[in-house]
Amino acid sequence: AAHAGLVALFDDDPAAQLILEGMMDDMEGEELRELTGLDQVAYDSKRRSIRRKIAKHYPNGWKP
């Protein structure tokens, strides 16, 4: 439930939601790429996008 706020930040981006949820379930990059169908470059780009969006919304760090 604590993670719902983080996932909700990406309501407009289903691939980002899948990656974020997978990361919370301790999935690794290869598993996440298979899950989302992204290649390495697209996956890396999506990860950067996720980090930037979380940092923007939680400038002092995210606290569950």
Folded to 0 to 90 degrees: helix 40-57 orientation relative to the chain principal axis, Cα: 0 degrees
With a ≥ b ≥ c taken as the square roots of the eigenvalues of the C-alpha gyration tensor of the range 25-64, please select rounded if a/c is under 1.5 and otherwise prolate if a/b is larger than b/c or oblate if it is not? oblate
What percentage of the solvent-accessible surface of the chain, computed with a 1.4 Å probe over protein heavy atoms, is contributed by carbon and sulfur atoms? 51 percent
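The values are calculated or read from the model by the stated rules, or taken from the named source; none is laboratory data. Since we're looking at a predicted model, the values are computed, not measured. Note: accessible area is taken over every heavy atom of the protein model, side chains too, but ligands, DNA and RNA are not part of it. Shrake-Rupley method; radii C 1.70, N 1.55, O 1.52, S 1.80 Å.
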